[in-house]
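Chemist: The structure is given below, and queries will be raised subsequently.
The values are calculated or read from the model by the stated rules, or taken from the named source; none is laboratory data. No experiment lies behind these values; they were computed from the predicted model shown. Glycine gets a Cβ as well: all are built from the backbone with ideal geometry, and neighbour counts include every protein chain shown.
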(Lines give C-alpha, C1' and ligand atoms only; values in the text may rest on other atoms or scores of the structure.)
Protein backbone atom coordinates (compact mmCIF):
# COMPACT_ATOMS: atom_id res chain seq x y z
CA UNK A 1 0.00 0.00 0.00
CA UNK A 2 1.22 3.48 -0.78
CA UNK A 3 1.17 4.68 2.80
CA UNK A 4 2.90 1.68 4.28
CA UNK A 5 6.15 3.56 3.67
CA UNK A 6 5.33 6.10 6.33
CA UNK A 7 4.00 3.38 8.63
CA UNK A 8 7.32 1.63 8.12
CA UNK A 9 9.14 4.77 9.20
CA UNK A 10 6.92 4.78 12.28
CA UNK A 11 7.71 1.17 13.19
CA UNK A 12 8.32 2.15 16.83
CA UNK A 13 6.66 5.12 18.61
CA UNK A 14 8.71 5.56 21.87
CA UNK A 15 8.41 7.10 25.45
CA UNK A 16 9.85 6.57 29.09
CA UNK A 17 8.86 6.86 32.83
CA UNK A 18 10.60 6.58 36.21
CA UNK A 19 9.57 3.87 38.64
CA UNK A 20 11.74 4.55 41.68
CA UNK A 21 10.57 1.34 43.37
CA UNK A 22 13.86 -0.52 43.82
CA UNK A 23 16.28 0.78 46.43
CA UNK A 24 19.17 -0.98 44.71
CA UNK A 25 18.77 1.06 41.53
CA UNK A 26 18.17 4.54 42.92
CA UNK A 27 21.30 5.76 41.16
CA UNK A 28 20.16 4.44 37.80
CA UNK A 29 18.24 6.29 35.14
CA UNK A 30 14.97 4.76 33.97
CA UNK A 31 13.67 3.62 30.61
CA UNK A 32 9.97 2.74 30.68
CA UNK A 33 8.17 1.19 27.76
CA UNK A 34 4.37 1.45 27.53
CA UNK A 35 3.01 -1.37 25.38
CA UNK A 36 0.22 -3.81 24.63
CA UNK A 37 1.34 -7.41 25.08
CA UNK A 38 0.01 -8.56 21.69
CA UNK A 39 0.88 -5.45 19.70
CA UNK A 40 3.45 -6.40 17.02
CA UNK A 41 5.22 -3.05 17.32
CA UNK A 42 5.20 -3.34 21.11
CA UNK A 43 6.86 -6.75 20.95
CA UNK A 44 9.43 -5.37 18.50
CA UNK A 45 10.19 -2.56 20.94
CA UNK A 46 10.63 -5.10 23.76
CA UNK A 47 12.98 -7.12 21.57
CA UNK A 48 14.94 -3.96 20.83
CA UNK A 49 15.38 -3.24 24.54
CA UNK A 50 16.35 -6.87 25.11
CA UNK A 51 19.21 -6.41 22.64
CA UNK A 52 20.65 -3.28 24.25
CA UNK A 53 19.86 -4.13 27.88
CA UNK A 54 23.07 -6.12 28.69
CA UNK A 55 25.28 -3.10 27.90
CA UNK A 56 23.37 -0.78 30.25
CA UNK A 57 22.29 -2.93 33.19
CA UNK A 58 24.62 -1.12 35.60
CA UNK A 59 23.20 2.26 34.64
CA UNK A 60 19.59 1.86 33.48
CA UNK A 61 16.47 0.38 35.07
CA UNK A 62 14.36 -1.00 32.20
CA UNK A 63 10.62 -1.31 32.84
CA UNK A 64 7.39 -2.16 31.00
CA UNK A 65 3.88 -0.84 31.72
CA UNK A 66 0.69 -1.77 29.89
CA UNK A 67 -1.94 0.11 27.89
CA UNK A 68 -5.58 -0.90 28.31
CA UNK A 69 -8.74 0.38 30.00
CA UNK A 70 -10.91 -0.74 32.91
CA UNK A 71 -14.68 -1.13 32.82
CA UNK A 72 -16.99 -0.01 35.65
CA UNK A 73 -17.43 -3.66 36.70
CA UNK A 74 -13.69 -4.05 37.23
CA UNK A 75 -12.98 -6.05 34.06
CA UNK A 76 -10.51 -4.83 31.47
CA UNK A 77 -10.52 -3.96 27.77
CA UNK A 78 -7.48 -4.08 25.53
CA UNK A 79 -7.10 -3.35 21.84
CA UNK A 80 -6.36 -6.96 20.91
CA UNK A 81 -9.07 -8.43 23.11
CA UNK A 82 -9.23 -10.66 26.19
CA UNK A 83 -6.14 -12.72 25.22
CA UNK A 84 -4.09 -9.52 25.44
CA UNK A 85 -5.57 -8.66 28.85
CA UNK A 86 -4.56 -12.12 30.03
CA UNK A 87 -1.10 -11.65 28.53
CA UNK A 88 -0.70 -8.35 30.36
CA UNK A 89 -1.63 -10.04 33.65
CA UNK A 90 0.75 -12.99 33.31
CA UNK A 91 3.63 -10.73 32.33
CA UNK A 92 2.95 -8.38 35.24
CA UNK A 93 2.91 -11.31 37.66
CA UNK A 94 6.27 -12.45 36.32
CA UNK A 95 7.60 -8.90 36.74
CA UNK A 96 6.32 -8.82 40.34
CA UNK A 97 7.59 -12.22 41.51
CA UNK A 98 10.59 -12.74 39.21
CA UNK A 99 11.86 -9.29 38.13
CA UNK A 100 15.30 -10.70 37.34
CA UNK A 101 13.78 -13.07 34.75
CA UNK A 102 11.08 -10.77 33.40
CA UNK A 103 12.89 -9.73 30.22
CA UNK A 104 13.88 -13.32 29.43
CA UNK A 105 10.22 -14.29 29.82
CA UNK A 106 9.15 -11.49 27.44
CA UNK A 107 11.78 -12.50 24.93
CA UNK A 108 10.44 -16.04 24.98
CA UNK A 109 6.80 -14.97 24.65
CA UNK A 110 7.49 -12.53 21.83
CA UNK A 111 8.52 -15.38 19.55
CA UNK A 112 4.77 -15.96 19.21
CA UNK A 113 3.18 -12.76 20.54
CA UNK A 114 -0.05 -13.50 18.64
CA UNK A 115 -0.75 -16.46 20.94
CA UNK A 116 0.69 -15.67 24.37
CA UNK A 117 -1.53 -18.20 26.14
CA UNK A 118 0.24 -21.10 24.44
CA UNK A 119 3.58 -20.10 25.99
CA UNK A 120 2.73 -19.02 29.56
CA UNK A 121 3.79 -22.38 31.00
CA UNK A 122 6.54 -23.26 28.51
CA UNK A 123 8.27 -19.86 28.72
CA UNK A 124 8.13 -19.95 32.52
CA UNK A 125 9.83 -23.35 32.42
CA UNK A 126 12.38 -22.16 29.86
CA UNK A 127 13.58 -19.22 31.97
CA UNK A 128 13.33 -21.03 35.33
CA UNK A 129 10.13 -19.58 36.83
CA UNK A 130 7.67 -21.43 39.08
CA UNK A 131 4.60 -21.30 36.82
CA UNK A 132 2.20 -22.38 39.56
CA UNK A 133 3.00 -19.21 41.49
CA UNK A 134 2.43 -17.02 38.41
CA UNK A 135 -0.84 -18.78 37.58
CA UNK A 136 -2.04 -18.34 41.18
CA UNK A 137 -1.25 -14.63 40.91
CA UNK A 138 -3.62 -14.38 37.95
CA UNK A 139 -6.29 -16.71 39.33
CA UNK A 140 -6.53 -15.15 42.81
CA UNK A 141 -6.95 -11.61 41.46
CA UNK A 142 -3.56 -10.24 42.47
CA UNK A 143 -2.88 -9.61 38.78
CA UNK A 144 -5.92 -7.32 38.59
CA UNK A 145 -4.35 -4.97 41.11
CA UNK A 146 -1.03 -5.07 39.28
CA UNK A 147 -2.74 -4.24 35.99
CA UNK A 148 -4.75 -1.39 37.54
CA UNK A 149 -1.54 0.08 38.93
CA UNK A 150 0.14 -0.22 35.54
CA UNK A 151 -2.78 1.36 33.69
CA UNK A 152 -2.77 4.33 36.08
CA UNK A 153 0.82 5.05 35.10
CA UNK A 154 -0.13 5.03 31.43
CA UNK A 155 -3.15 7.24 32.11
CA UNK A 156 -1.02 9.69 34.07
CA UNK A 157 1.21 10.07 31.02
CA UNK A 158 -1.83 10.05 28.68
CA UNK A 159 -0.18 7.24 26.75
CA UNK A 160 -2.37 5.38 24.26
CA UNK A 161 0.09 4.29 21.55
CA UNK A 162 2.02 1.04 21.73
CA UNK A 163 4.98 1.30 21.96
CA UNK A 164 5.81 4.54 23.78
CA UNK A 165 9.09 5.12 25.64
CA UNK A 166 10.07 7.55 28.37
CA UNK A 167 13.66 8.11 29.50
CA UNK A 168 13.92 9.59 32.97
CA UNK A 169 10.31 10.73 32.80
CA UNK A 170 10.82 12.50 29.47
CA UNK A 171 9.13 11.33 26.26
CA UNK A 172 11.70 9.90 23.88
CA UNK A 173 11.03 10.86 20.27
CA UNK A 174 14.43 10.14 18.79
CA UNK A 175 15.71 7.50 16.42
CA UNK A 176 13.94 4.17 16.90
CA UNK A 177 16.87 1.89 16.24
CA UNK A 178 19.37 0.02 18.36
CA UNK A 179 21.98 2.72 17.79
CA UNK A 180 19.47 5.51 18.38
CA UNK A 181 18.43 4.17 21.77
CA UNK A 182 22.03 3.47 22.72
CA UNK A 183 23.03 7.05 21.90
CA UNK A 184 20.10 8.43 23.91
CA UNK A 185 21.00 6.33 26.95
CA UNK A 186 24.69 7.14 26.67
CA UNK A 187 23.87 10.83 26.69
CA UNK A 188 21.82 10.39 29.86
CA UNK A 189 24.53 8.44 31.72
CA UNK A 190 27.45 10.66 30.60
CA UNK A 191 28.84 7.87 28.39
CA UNK A 192 29.73 5.69 31.39
CA UNK A 193 28.88 2.38 29.70
CA UNK A 194 31.64 0.76 27.64
CA UNK A 195 29.38 0.58 24.59
CA UNK A 196 29.23 4.39 24.47
CA UNK A 197 32.85 4.58 23.27
CA UNK A 198 32.09 2.23 20.39
CA UNK A 199 29.13 4.06 18.84
CA UNK A 200 29.83 5.72 15.47
CA UNK A 201 28.60 9.26 14.82
CA UNK A 202 25.41 9.68 12.81
CA UNK A 203 25.94 10.88 9.21
CA UNK A 204 24.60 14.13 7.79
CA UNK A 205 22.95 14.39 4.38
CA UNK A 206 20.51 16.63 2.50
CA UNK A 207 16.86 15.91 1.73
CA UNK A 208 15.10 17.94 -0.97
CA UNK A 209 11.41 18.41 -0.10
CA UNK A 210 9.14 19.71 -2.86
CA UNK A 211 5.82 21.22 -1.76
CA UNK A 212 3.00 23.11 -3.47
CA UNK A 213 2.18 26.21 -1.42
CA UNK A 214 -1.18 26.48 -3.23
CA UNK A 215 -2.31 23.26 -1.58
CA UNK A 216 -3.60 23.78 1.96
CA UNK A 217 -5.22 20.35 2.36
CA UNK A 218 -3.99 18.07 5.18
CA UNK A 219 -2.23 15.77 2.70
CA UNK A 220 0.07 18.65 1.73
CA UNK A 221 1.12 19.48 5.30
CA UNK A 222 4.72 18.31 5.78
CA UNK A 223 4.96 18.93 9.54
CA UNK A 224 4.46 15.29 10.49
CA UNK A 225 6.56 14.11 7.55
CA UNK A 226 9.56 16.14 8.73
CA UNK A 227 9.13 14.86 12.28
CA UNK A 228 9.19 11.29 11.01
CA UNK A 229 12.27 11.91 8.89
CA UNK A 230 14.07 13.54 11.82
CA UNK A 231 13.21 10.56 14.00
CA UNK A 232 14.81 8.23 11.48
CA UNK A 233 17.68 10.55 10.51
CA UNK A 234 18.70 12.88 13.40
CA UNK A 235 21.29 14.71 11.25
CA UNK A 236 19.07 15.27 8.20
CA UNK A 237 19.25 18.70 6.52
CA UNK A 238 16.48 20.12 4.33
CA UNK A 239 16.37 21.99 1.05
CA UNK A 240 12.70 22.95 0.69
CA UNK A 241 11.38 23.87 -2.75
CA UNK A 242 7.98 25.16 -3.86
CA UNK A 243 6.36 23.94 -7.08
CA UNK A 244 4.79 27.38 -7.41
CA UNK A 245 8.22 28.99 -7.93
CA UNK A 246 10.60 28.82 -10.87
CA UNK A 247 13.24 26.81 -8.99
CA UNK A 248 10.69 24.41 -7.54
CA UNK A 249 8.98 23.81 -10.87
CA UNK A 250 12.34 23.18 -12.54
CA UNK A 251 13.32 20.64 -9.86
CA UNK A 252 9.89 18.97 -10.17
CA UNK A 253 10.17 18.54 -13.95
CA UNK A 254 13.86 17.63 -14.09
CA UNK A 255 13.31 14.76 -11.66
CA UNK A 256 10.07 13.50 -13.28
CA UNK A 257 8.01 13.95 -10.12
CA UNK A 258 4.26 13.31 -10.12
CA UNK A 259 2.71 13.77 -6.68
CA UNK A 260 3.57 16.19 -3.89
CA UNK A 261 4.95 16.56 -1.35
CA UNK A 262 8.01 14.73 -2.66
CA UNK A 263 11.18 13.78 -0.79
CA UNK A 264 14.45 13.18 -2.65
CA UNK A 265 17.33 12.05 -0.45
CA UNK A 266 20.89 12.73 -1.54
CA UNK A 267 23.33 9.84 -1.87
CA UNK A 268 24.72 10.39 1.65
CA UNK A 269 21.60 8.70 3.02
CA UNK A 270 23.21 5.37 2.20
CA UNK A 271 25.73 5.93 5.01
CA UNK A 272 23.10 7.01 7.54
CA UNK A 273 22.07 4.47 10.14
CA UNK A 274 18.37 4.67 9.31
CA UNK A 275 18.94 3.80 5.64
CA UNK A 276 17.83 0.18 6.07
CA UNK A 277 14.44 1.35 7.36
CA UNK A 278 13.64 3.33 4.22
CA UNK A 279 15.56 1.37 1.60
CA UNK A 280 12.53 -0.68 0.46
CA UNK A 281 10.69 2.56 -0.32
CA UNK A 282 13.40 4.27 -2.37
CA UNK A 283 13.66 4.71 -6.13
CA UNK A 284 16.85 6.11 -7.65
CA UNK A 285 16.37 9.35 -9.59
CA UNK A 286 19.24 11.37 -11.02
CA UNK A 287 21.72 10.24 -8.37
CA UNK A 288 19.21 10.78 -5.55
CA UNK A 289 16.56 8.58 -3.93
CA UNK A 290 12.84 9.36 -4.21
CA UNK A 291 11.10 8.25 -1.01
CA UNK A 292 7.61 6.75 -1.43
CA UNK A 293 5.44 8.50 1.15
CA UNK A 294 1.97 7.98 -0.32
CA UNK A 295 1.64 11.54 -1.65
CA UNK A 296 -1.63 12.18 -3.52
CA UNK A 297 -1.57 15.86 -4.60
CA UNK A 298 -1.05 16.33 -8.35
CA UNK A 299 0.05 19.98 -8.82
CA UNK A 300 -0.74 19.89 -12.53
CA UNK A 301 -4.45 19.42 -11.88
CA UNK A 302 -7.21 21.67 -10.59
CA UNK A 303 -7.06 22.43 -6.86
CA UNK A 304 -10.65 21.81 -5.86
CA UNK A 305 -11.19 24.21 -2.97
CA UNK A 306 -9.35 27.49 -3.67
CA UNK A 307 -11.91 29.22 -5.95
CA UNK A 308 -9.23 29.61 -8.63
CA UNK A 309 -9.13 28.20 -12.15
CA UNK A 310 -5.73 26.54 -11.66
CA UNK A 311 -5.67 24.76 -15.03
CA UNK A 312 -7.02 27.79 -16.95
CA UNK A 313 -9.74 25.79 -18.68
CA UNK A 314 -12.59 28.06 -17.58
CA UNK A 315 -13.77 25.61 -14.90
CA UNK A 316 -13.28 26.37 -11.22
CA UNK A 317 -13.02 23.84 -8.36
CA UNK A 318 -15.90 21.33 -8.37
CA UNK A 319 -17.05 22.42 -11.85
CA UNK A 320 -13.84 20.94 -13.23
CA UNK A 321 -14.12 17.19 -14.06
CA UNK A 322 -10.68 16.70 -12.50
CA UNK A 323 -12.32 17.26 -9.10
CA UNK A 324 -14.78 14.38 -9.46
CA UNK A 325 -12.79 12.27 -6.98
CA UNK A 326 -12.53 15.06 -4.42
CA UNK A 327 -14.76 14.20 -1.44
CA UNK A 328 -16.22 17.67 -1.02
CA UNK A 329 -17.22 17.67 -4.71
CA UNK A 330 -19.16 14.42 -4.48
CA UNK A 331 -22.93 14.52 -4.78
CA UNK A 332 -24.60 14.28 -1.38
CA UNK A 333 -26.55 11.08 -0.72
CA UNK A 334 -28.92 11.55 2.20
CA UNK A 335 -28.72 9.10 5.13
CA UNK A 336 -25.86 7.05 3.72
CA UNK A 337 -22.98 5.72 5.83
CA UNK A 338 -19.84 4.18 4.35
CA UNK A 339 -17.13 2.54 6.41
CA UNK A 340 -13.59 2.03 5.03
CA UNK A 341 -11.68 -0.65 6.93
CA UNK A 342 -9.00 -3.31 6.97
CA UNK A 343 -10.67 -6.48 8.23
CA UNK A 344 -7.88 -7.37 10.70
CA UNK A 345 -7.20 -3.85 11.94
CA UNK A 346 -8.15 -3.89 15.66
CA UNK A 347 -9.60 -0.37 15.39
CA UNK A 348 -11.52 -1.43 12.29
CA UNK A 349 -13.06 -4.43 14.05
CA UNK A 350 -14.16 -2.21 16.92
CA UNK A 351 -15.81 0.16 14.44
CA UNK A 352 -17.64 -2.75 12.82
CA UNK A 353 -18.70 -4.03 16.24
CA UNK A 354 -20.06 -0.56 17.06
CA UNK A 355 -22.37 -0.89 14.06
CA UNK A 356 -24.52 -3.37 16.00
CA UNK A 357 -25.80 -0.54 18.19
CA UNK A 358 -25.96 1.88 15.27
CA UNK A 359 -28.02 -0.47 13.11
CA UNK A 360 -30.29 -1.37 16.02
CA UNK A 361 -30.93 2.33 16.49
CA UNK A 362 -31.43 3.46 12.89
CA UNK A 363 -32.43 0.24 11.13
CA UNK A 364 -33.41 0.81 7.50
CA UNK A 365 -33.27 4.60 7.98
CA UNK A 366 -29.62 4.55 6.88
CA UNK A 367 -27.91 2.93 3.88
CA UNK A 368 -24.76 1.27 5.26
CA UNK A 369 -21.88 0.02 3.07
CA UNK A 370 -18.43 -1.40 3.77
CA UNK A 371 -15.34 -0.74 1.66
CA UNK A 372 -11.96 -2.37 2.21
CA UNK A 373 -8.51 -0.78 2.10
CA UNK A 374 -5.92 -2.71 0.11
CA UNK A 375 -3.88 -2.52 -3.12
CA UNK A 376 -3.95 -4.75 -6.17
CA UNK A 377 -0.69 -5.96 -7.71
CA UNK A 378 -0.03 -6.20 -11.44
CA UNK A 379 -0.45 -9.98 -11.30
CA UNK A 380 -3.94 -9.72 -9.78
CA UNK A 381 -2.86 -10.52 -6.21
CA UNK A 382 -3.44 -8.06 -3.37
CA UNK A 383 -1.50 -6.28 -0.63
CA UNK A 384 -2.96 -5.29 2.72
CA UNK A 385 -1.35 -3.86 5.85
CA UNK A 386 -1.88 -7.02 7.92
CA UNK A 387 -0.78 -9.40 5.16
CA UNK A 388 -2.44 -12.19 3.20
CA UNK A 389 -4.70 -13.31 6.09
CA UNK A 390 -6.31 -9.87 5.99
CA UNK A 391 -6.70 -10.04 2.21
CA UNK A 392 -8.41 -13.40 2.60
CA UNK A 393 -10.79 -12.11 5.26
CA UNK A 394 -11.62 -9.03 3.17
CA UNK A 395 -12.69 -11.40 0.40
CA UNK A 396 -14.73 -13.64 2.71
CA UNK A 397 -16.58 -10.66 4.13
CA UNK A 398 -17.32 -9.31 0.65
CA UNK A 399 -18.68 -12.72 -0.31
CA UNK A 400 -20.90 -12.61 2.77
CA UNK A 401 -22.11 -9.13 1.80
CA UNK A 402 -23.03 -10.30 -1.69
CA UNK A 403 -24.77 -13.56 -0.86
CA UNK A 404 -26.23 -12.72 2.57
CA UNK A 405 -27.30 -9.06 2.30
CA UNK A 406 -29.64 -9.34 5.29
CA UNK A 407 -27.31 -11.14 7.69
CA UNK A 408 -23.70 -10.51 6.60
CA UNK A 409 -23.00 -8.41 9.68
CA UNK A 410 -23.68 -11.46 11.86
CA UNK A 411 -20.84 -13.23 10.04
CA UNK A 412 -18.56 -10.21 10.50
CA UNK A 413 -19.38 -9.88 14.19
CA UNK A 414 -18.70 -13.59 14.62
CA UNK A 415 -15.29 -13.23 12.96
CA UNK A 416 -14.40 -10.19 15.04
CA UNK A 417 -14.48 -12.36 18.16
CA UNK A 418 -11.30 -14.03 16.86
CA UNK A 419 -10.37 -12.17 13.69
CA UNK A 420 -6.97 -13.82 13.28
CA UNK A 421 -8.28 -17.33 13.94
CA UNK A 422 -10.01 -19.81 11.67
CA UNK A 423 -13.15 -18.64 9.86
CA UNK A 424 -14.64 -22.15 9.64
CA UNK A 425 -16.99 -21.95 12.64
CA UNK A 426 -18.38 -18.59 11.52
CA UNK A 427 -19.02 -19.88 7.99
CA UNK A 428 -21.17 -22.82 9.08
CA UNK A 429 -24.38 -20.91 8.40
CA UNK A 430 -22.95 -19.18 5.35
CA UNK A 431 -21.94 -21.97 2.92
CA UNK A 432 -21.82 -19.71 -0.14
CA UNK A 433 -18.89 -17.76 1.31
CA UNK A 434 -16.47 -20.64 0.80
CA UNK A 435 -17.44 -21.22 -2.82
CA UNK A 436 -17.15 -17.51 -3.56
CA UNK A 437 -13.81 -17.25 -1.73
CA UNK A 438 -12.27 -20.19 -3.58
CA UNK A 439 -13.27 -18.91 -7.03
CA UNK A 440 -12.22 -15.92 -9.10
CA UNK A 441 -15.42 -14.23 -7.99
CA UNK A 442 -14.00 -13.35 -4.56
CA UNK A 443 -10.92 -11.66 -6.01
CA UNK A 444 -13.08 -9.76 -8.48
CA UNK A 445 -15.27 -8.50 -5.64
CA UNK A 446 -12.23 -7.20 -3.77
CA UNK A 447 -10.70 -5.66 -6.88
CA UNK A 448 -13.85 -3.65 -7.49
CA UNK A 449 -14.51 -2.83 -3.84
CA UNK A 450 -11.10 -1.27 -3.04
CA UNK A 451 -11.31 1.24 -5.90
CA UNK A 452 -13.40 3.74 -3.96
CA UNK A 453 -10.90 4.05 -1.09
CA UNK A 454 -8.14 4.57 -3.64
CA UNK A 455 -10.15 7.13 -5.57
CA UNK A 456 -10.83 9.11 -2.40
CA UNK A 457 -7.29 8.73 -1.07
CA UNK A 458 -8.50 6.92 2.06
CA UNK A 459 -5.85 4.73 3.67
CA UNK A 460 -6.69 4.85 7.40
CA UNK A 461 -8.83 2.13 8.99
CA UNK A 462 -11.46 2.94 10.13
CA UNK A 463 -12.61 5.96 8.12
CA UNK A 464 -16.30 6.87 7.87
CA UNK A 465 -18.12 8.79 5.14
CA UNK A 466 -21.57 10.26 5.83
CA UNK A 467 -23.88 11.23 2.97
CA UNK A 468 -21.18 10.36 0.44
CA UNK A 469 -19.03 13.41 1.26
CA UNK A 470 -18.47 14.08 4.99
CA UNK A 471 -15.51 12.20 6.46
CA UNK A 472 -14.84 11.43 10.13
CA UNK A 473 -12.99 8.96 12.36
CA UNK A 474 -14.07 7.04 15.47
CA UNK A 475 -14.71 3.55 16.80
CA UNK A 476 -17.74 3.91 19.06
CA UNK A 477 -21.46 3.92 18.31
CA UNK A 478 -22.17 7.32 19.84
CA UNK A 479 -19.55 9.03 17.66
CA UNK A 480 -21.11 7.41 14.61
CA UNK A 481 -24.61 8.50 15.65
CA UNK A 482 -23.52 12.07 16.23
CA UNK A 483 -21.94 12.33 12.78
CA UNK A 484 -24.93 10.74 11.04
CA UNK A 485 -27.28 13.17 12.77
CA UNK A 486 -25.03 16.15 12.08
CA UNK A 487 -26.08 15.92 8.44
CA UNK A 488 -29.41 14.05 8.68
CA UNK A 489 -32.65 14.54 10.60
CA UNK A 490 -33.95 11.00 10.90
CA UNK A 491 -35.66 8.79 13.47
CA UNK A 492 -33.05 7.56 15.96
CA UNK A 493 -31.13 10.82 16.25
CA UNK A 494 -32.93 11.54 19.52
CA UNK A 495 -31.21 8.57 21.20
CA UNK A 496 -27.81 8.43 22.86
CA UNK A 497 -25.88 5.26 22.11
CA UNK A 498 -23.53 3.51 24.49
CA UNK A 499 -20.55 1.54 23.32
CA UNK A 500 -18.64 -1.55 24.45
CA UNK A 501 -15.53 -0.15 22.82
CA UNK A 502 -12.28 -0.05 24.80
CA UNK A 503 -12.20 3.69 24.15
CA UNK A 504 -8.63 3.34 22.88
CA UNK A 505 -9.24 5.19 19.62
CA UNK A 506 -6.87 5.08 16.67
CA UNK A 507 -6.40 4.00 13.08
CA UNK A 508 -4.36 1.47 11.10
CA UNK A 509 -2.54 3.39 8.38
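Chemist: Of the residues 146, 92, which is at pLDDT 95 or above and within 17 Å of residue 74 (Cα to Cα)?
Modeler: Testing whether each residue is at pLDDT 95 or above and within 17 Å of residue 74 (Cα to Cα) leaves just 146.
Chemist: Answer yes if at least one residue in region 244-259 is over 30 Å from residue 309 (Cβ atoms) and out of contact with any helix residue (DSSP H, G or I) (no Cβ under 7 Å at 6 or more places or on another chain), and no otherwise.
Modeler: no
Chemist: Please work out which one of (1) surrounded by 18 or more Cβ atoms within 10 Å (Cβ to Cβ); (2) in contact (Cβ under 8 Å) with a residue 24 or more places away in the chain; (3) over 27 Å from the mean Cα position of the chain (by Cα) is the condition residue 123 fails and give its number.
Modeler: Residue 123 satisfies every listed condition except (2).
Chemist: Let me ask something else about it. Looking at 446, 465, 452, can you tell me which residue is at pLDDT below 95 and within 29 Å of the chain's Cα centre (by Cα)?
Modeler: Matching residue, one of 446, 465, 452: 452.
Chemist: Related question: Hey, can you tell me all the residues within region 303-326 that are within 19 Å of residue 454 (Cβ to Cβ) and either in contact with a strand residue (DSSP E or B) (Cβ under 6 Å, 6 or more places away or on another chain) or part of a loop (DSSP other than H, G, I, E, B) (or both)?
Modeler: 304, 324, 325, 326
Chemist: Report the residue count in region 61-76 for those that are within 22 Å of residue 158 (Cβ to Cβ), part of a loop (DSSP other than H, G, I, E, B) and out of contact with any strand residue (DSSP E or B) (no Cβ under 6 Å at 6 or more places or on another chain).
Modeler: Counting residues in region 61-76 that are within 22 Å of residue 158 (Cβ to Cβ), part of a loop (DSSP other than H, G, I, E, B) and out of contact with any strand residue (DSSP E or B) (no Cβ under 6 Å at 6 or more places or on another chain) gives 2.
Chemist: Let me confirm something: among 278, 358, which residue is modelled with pLDDT of 95 or more, assigned to a helix (DSSP H, G or I) and surrounded by 20 or more Cβ atoms within 10 Å (Cβ to Cβ)?
Modeler: Of 278, 358, the one residue that is modelled with pLDDT of 95 or more, assigned to a helix (DSSP H, G or I) and surrounded by 20 or more Cβ atoms within 10 Å (Cβ to Cβ) is 358.
Chemist: Let me ask you something else. Taking only region 289-325 into account, find how many residues are surrounded by 13 or more Cβ atoms within 10 Å (Cβ to Cβ) and on the phi > 0 side of the Ramachandran plot.
Modeler: Residues meeting the conditions: 2.
Chemist: Within the bounds of region 395-413, is there any residue that is at negative phi, part of a loop (DSSP other than H, G, I, E, B) and surrounded by 15 or more Cβ atoms within 10 Å (Cβ to Cβ)?
Modeler: yes
Quick grid of which residues meet (1) touching a strand residue (DSSP E or B) at 6+ places or on another chain (Cβ under 8 Å); (2) surrounded by fewer than 16 Cβ atoms within 10 Å (Cβ to Cβ):
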residue	(1), (2)
194	no, yes
197	no, yes
201	no, yes
210	yes, no
216	no, yes
219	yes, yes
222	yes, no
227	no, yes
234	no, no
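Chemist: Exactly one of (1) over 27 Å from residue 218 (Cβ atoms); (2) surrounded by fewer than 19 Cβ atoms within 10 Å (Cβ to Cβ); (3) modelled with pLDDT under 95 is unmet by residue 286. Its number?
Modeler: Here residue 286 clears every test but (3).
Chemist: How about region 126-143: which of its residues are without any contact (Cβ under 8 Å) to a residue 12 or more places away in the chain, in a helix (DSSP H, G or I) and more than 19 Å from residue 112 (Cα to Cα)?
Modeler: Across region 126-143, the qualifying residues are 132, 136, 139.
Chemist: Now a separate question. Looking for whichever is part of a helix (DSSP H, G or I), surrounded by fewer than 20 Cβ atoms within 10 Å (Cβ to Cβ) and at pLDDT 50 or above here; the options are 58, 47, 27. Which one fits?
Modeler: On inspection, the qualifying residue turns out to be 47.
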